[in-house]
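Bear in mind that the values in this text are calculations on the coordinates, not laboratory data. Only a predicted model underlies this, so the values are computations on that prediction, with no experimental measurement involved. In this analysis, Cβ positions are derived from the backbone assuming ideal geometry, glycine residues included, and neighbour counts consider all displayed protein chains.
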Amino acid sequence: MNTLIKAEGLSKEYGSGDAVVTALSEAGFTIEEGEFVSIMGESGSGKSTLLSILGGLNSPTRGSLEVGGIDVYGLGSEQRADFRREFLGFVFQNFNLVEYLTIGENVMLPLATTRIAQRTQREMATRALGRVGLEDKIDRLPNQISGGEQERVAVARAVVNDPPLLLADEPTGNLDSRNTGEVMKLLKELNEQGMTVLMVTHSEACAAYANRTMNMADGALAWASPE
Ligand code: ADP
Ligand code: MG
């Protein structure tokens, strides 16, 4: 097994002076390629902060992060954007689909800043939608499909470039139990196909899909003891 993520002493403070909030405190851990890790913890415990730092979107106040052997915050901003495009897929709770673009166009969005030909982009979007079972919805608008389907489109968009690492922040937070089950099965499948998955969740049932669970409290992180 190769190490995919290596975090050392990662800390994040927001604000300054008396108003400093320590959102993440000295987080150190490694994650191997092919793992499925869930991250649990109360609201405000630092889960989204950790995920955004791992995704190269939020500079830590202290500490270092390597993903795939790359010193993420040693990169300049343009190189970091390239790194994100190549290595990462993101899924959020609120889907963030663009309402005036079709499903296919939404899925192609991460490719917009690449040199990939338009026709190839469409083929990649079709394939990604195939992975989530929504190929036939490619020309619909977001408001013409269900909430569960929208979240699956968000997953398709996150994996359209076939990234080695998928970061999901409460991907089932707004879904009923049937749609939650579908999205979780989907994430499990992607993981079984080789993608490393890190998922924030409030649900024990969702966390059970993962191989390991990280618990966060007040910015501090601890691995749940293996059963
Ligand atoms: P979680 O995702 O577990 O709910 P967050 O990472 O969003 O936690 O937040 C951790 C702490 O950092 C909270 O106290 C939150 O209010 C604070 N925080 C998060 N983002 C910011 C920000 N951009 N500016 C200031 N404080 C923030
Ligand atoms: Mg959060």
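Classify the range 118-168 as rounded, prolate or oblate from the Cα gyration tensor: take a ≥ b ≥ c as the square roots of its eigenvalues, call it rounded if a/c is under 1.5, otherwise prolate when a/b beats b/c and oblate if not. Oblate, because a/c is 1.5 or more while a/b does not exceed b/c. The mean sequence distance of close C-alpha pairs (under 8 Å, at least 6 residues apart), as a share of the length of the range 100-198, puts its relative contact order at 30 percent.
Please compute the net charge surrounding GLY133, taking Lys and Arg as +1 and Asp and Glu as -1 over other residues with Cβ under 15 Å from its Cβ.
Value of the local net charge: +3.
The distance between label points at ALA208 and ARG140 comes to 3.0 nm (points 7 Å beyond Cα on the Cα→Cβ vector).
Taken along the Cα-to-beta-carbon direction at a fixed 7 Å, the label points for ASN94 and SER64 span 3.6 nm.
Normalised by the number of residues in the range 46-95, the mean separation of alpha-carbon contacts (under 8 Å, six or more apart) gives a relative contact order of 26 percent.
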